[in-house]
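**Q** Please find one structure pasted underneath; my questions will follow.
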Amino acid sequence: MPPGATPGGKDETHHIKNSVAGDFSRGRESENQKHQKDDEENDEQEFGDGERCARNAGEAQKARDQSQNQKQNGPTEHGDPQKNASGANNAAGGTIVPRRFSARLLEITKYREAAMTSIKDIYALDTDGSTWSVPQNFDVTFNWDYDDGRAAMMGLYAKGKQMQWDAETRIDWSQELDEDNPEQMPEESLPIHMAGCYLRMSPKEKANVRRHFQAWQISQFMQGEQGALICAAKIVTQVPDADSKFYAATQTIDEARHVEAYKKLLAKFKVAYPMTKPLKELIDQTLRDSRWDMTYLGMQVVIEGLALAAFGQIRDGAQNPLAAQVNAYVMQDESRHVAFGRLALRDYYPQLTQKERNEREEFLLEACYLMRDRFDAVELWQNLGLPIEECATAMYESGFMEKFRNSLFTRIVPIVKDIGLWGDHIRNGYTEMGVMEYAKTDVQALQDNDEDIAKQFDARRRDIQRVIDRAAVAAAE
Ligand SMILES: [Fe+2]
Ligand SMILES: [Fe+2]
């Protein structure tokens, strides 16, 4: 049934004009300016030739990080929570922590520290106010037909309900990230790993760049998930079909959980980045458009495709179990979201005129070029004091980005074909981009694989828990 149409042919929808200009307050400035002025630790270290490009920014960030630690935990010796926990007790003549408990205590201390970390306090760059408002002008639509909708859509809704999970309990948040390489990703995953300015750095400087790059990526995931949360909620209010409203409601809670999971992970990096410009541009275009299908096209097809490509690289490349697990679980939900976009749009686009479809194809092509060419992390390199041009070029040419682009088009191109936006315009564009091959991808197989991998993480966790339980029983006997 086409969106907006009703079984009896009469208009059973009821529209309420919605003009949400957004009246959120603005103006709470980032605290980073204050942090930059805090005293720097006088910790002399040997810098490599990379000093010219990274020393100033690295030290400024270190000072901000240390200042942040001190604000949260009180004065520490080099910000080491273990020293802080046991040393403070000793100095005060209090209880000495037995050695066998110290590792667990350190784990708990770090877990509490991360849980207490506020994202707004760890932004490395100004967020340009504490909120962002996108003006809206669309009809909120009621539907008086409460009969079950399309079988496939209701099946997806049932799956969405059954597969809810709690980020708090499904993931063991006491797991820690690695000090030098938080996600324990291979060196090739750092897109500037072959750039001269990086090769000249000392090991300590390289570790700092790794931490910032990974935190920048997770920040984009967290920010993008908030975009998805808002788009899913918009679909609930705007789309005419009741079955789509039902499914989008389950997606809305999925996206809130994704924001929560990435927020918890990001807190462990102790540094965060605002939404990068190209992503903001994409989300802005998607949200501003008053046509209901454009929210699907922008979010469910383009941004979800981008997200799946990026999450997959960490899920499959990270040796750190926490980083891999968070991405695997989020991807399990995302594959349902992409299926939702396919179901809703492939019923709708064949009903449009070629002219209307061309407009959508043009939007898609522009979005694909933007994702291919403009995600160059300029603000990150700038913040680290690195040569922007050199880093952006190295990033574009890196093997990591090449894999990312392959993965991106694997996720997007077959969906575009499937929903019927496959006119001359898009086919010529994709031929020019050299990505027509991806149209043959088996999307269902990709989605099944995303689900299987998440289940494997669950099974691994159950095995570990069984071993821990057995050890506890043995120790008690
Ligand atoms: Fe999501
Ligand atoms: Fe999603």
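The values are calculated or read from the model by the stated rules, or taken from the named source; none is laboratory data. Note that the structure is a prediction, hence the values are computed from the model and not measured. Cβ placement follows ideal geometry from the backbone for every residue including glycine, while neighbour counts extend to all protein chains displayed.
**Q** Could you tell me which of the residues 212, 193 is assigned to a helix (DSSP H, G or I) and either at pLDDT 95 or above or more than 18 Å from residue 280 (Cα to Cα) (or both)? Walk me through it before giving the result.
**A** Values: 193 fails: assigned to a helix (DSSP H, G or I).
Testing whether each residue is assigned to a helix (DSSP H, G or I) and either at pLDDT 95 or above or more than 18 Å from residue 280 (Cα to Cα) (or both) leaves just 212.
**Q** Another question, then. Specify which of the listed residues (257, 210) is within 12 Å of ligand 1 (Cβ to nearest atom), surrounded by fewer than 24 Cβ atoms within 10 Å (Cβ to Cβ) and of a type in the set (Lys, Arg).
**A** Details: 210 fails: within 12 Å of ligand 1 (Cβ to nearest atom).
Result: 257 is the single residue among 257, 210 that is within 12 Å of ligand 1 (Cβ to nearest atom), surrounded by fewer than 24 Cβ atoms within 10 Å (Cβ to Cβ) and of a type in the set (Lys, Arg).
**Q** For region 361-389: of the residues being more than 25 Å from residue 123 (Cβ to Cβ) and crowded, with 16+ Cβ neighbours inside 10 Å, which is farthest from the chain's Cα centre (by Cα)?
**A** 361
**Q** Now for a different question. If you take the residues of region 185-199 that are buried (at least 17 other Cβ atoms within 10 Å of the Cβ) and of a type outside the set (Gly, Ala, Ser), which of them is nearest to ligand 1 (Cβ to nearest atom)? Outline the logic, then answer.
**A** Let us first name the residues in region 185-199 that are buried (at least 17 other Cβ atoms within 10 Å of the Cβ), namely 185, 189-193, 195, 197-198.
Narrowing the set further to residues that are of a type outside the set (Gly, Ala, Ser) leaves 185, 190-193, 197-198.
On the way: 185: 21, 190: 25, 191: 23, 192: 28, 193: 29, 197: 34, 198: 31 Å.
Filtering region 185-199 for residues that are buried (at least 17 other Cβ atoms within 10 Å of the Cβ) and of a type outside the set (Gly, Ala, Ser), the one nearest to ligand 1 (Cβ to nearest atom) comes out as 185.
**Q** Could you grab me the full set of residues in region 239-282 that are away from ligand 2 (no atom under 16 Å from the Cβ), more than 17 Å from residue 323 (Cβ to Cβ) and touching a Lys or Arg at 6+ places or on another chain (Cβ under 7 Å)?
**A** 243, 278
**Q** Ok, one more. Among the residues of region 144-179, how many are of a type outside the set (S, T, N, Q), surrounded by fewer than 13 Cβ atoms within 10 Å (Cβ to Cβ) and assigned to a loop (DSSP other than H, G, I, E, B)?
**A** 6
**Q** Report, by residue number, each residue of region 224-244 that is within 16 Å of ligand 1 (Cβ to nearest atom) and surrounded by fewer than 22 Cβ atoms within 10 Å (Cβ to Cβ). It would help to see each step written out before you state the result.
**A** To start, the set of residues in region 224-244 that are within 16 Å of ligand 1 (Cβ to nearest atom) comprises 224-236.
Once the filter is applied, which keeps residues that are within 16 Å of ligand 1 (Cβ to nearest atom) and surrounded by fewer than 22 Cβ atoms within 10 Å (Cβ to Cβ), region 224-244 yields 226, 229, 230, 233, 236.
**Q** While we're here: If we scan region 283-299, do we find a residue that is under 14 Å from the mean Cα position of the chain (by Cα), crowded, with 19+ Cβ neighbours inside 10 Å, more than 24 Å from residue 323 (Cα to Cα) and away from ligand 1 (no atom under 12 Å from the Cβ)?
**A** yes
**Q** Being polar (S, T, N, Q) and surrounded by fewer than 23 Cβ atoms within 10 Å (Cβ to Cβ) narrows it down to one of 358, 327, so name that one.
**A** That would be 358, the only listed residue that is polar (S, T, N, Q) and surrounded by fewer than 23 Cβ atoms within 10 Å (Cβ to Cβ).
**Q** Continuing with this model, one more query. Looking only at residues in region 336-370 that are in contact with an Asp or Glu (Cβ under 8 Å, 6 or more places away or on another chain) and of a type in the set (D, E, K, R), which one is nearest to residue 424 (Cα to Cα)?
**A** Checking each candidate, the answer is 360.
**Q** Might you let me know whether region 332-353 holds any residue that is without any contact (Cβ under 8 Å) to a residue 24 or more places away in the chain and of a type in the set (Val, Ile, Thr)?
**A** Yes, the conditions are met somewhere in region 332-353.
**Q** Next question, about the same structure. Name every residue in region 397-432 that is in contact (Cβ under 8 Å) with a residue 40 or more places away in the chain, surrounded by fewer than 16 Cβ atoms within 10 Å (Cβ to Cβ) and in a helix (DSSP H, G or I), in order of residue number.
**A** Result: 399, single match.
**Q** While we're here: What number goes with the only condition from (1) within 16 Å of ligand 2 (Cβ to nearest atom); (2) of a type in the set (Phe, Trp, Tyr); (3) at pLDDT below 95 that residue 348 does not pass?
**A** (1) is the only condition that residue 348 fails.
**Q** Name every residue in region 319-335 that is of a type outside the set (A, V, I, L, M, F, W, C), away from ligand 1 (no atom under 16 Å from the Cβ) and not in a loop (DSSP other than H, G, I, E, B), in order of residue number.
**A** Matches in region 319-335: 321 only.
**Q** Follow-up question, since we're still on this one. List, please: which pairs have Cβ atoms under 7 Å, are six or more places apart or on different chains, and start with a residue in region 252-271 that is over 8 Å from residue 229 (Cα atoms) and end with one that is away from ligand 1 (no atom under 13 Å from the Cβ) and of a type in the set (Ser, Thr, Tyr)?
**A** Within 7 Å, the pairs are 266/219; 267/117; 270/117.
**Q** Okay, next question. Going by the structure shown, is residue 249 without any contact (Cβ under 8 Å) to a residue 24 or more places away in the chain and on the phi < 0 side of the Ramachandran plot?
**A** Criteria met by residue 249.
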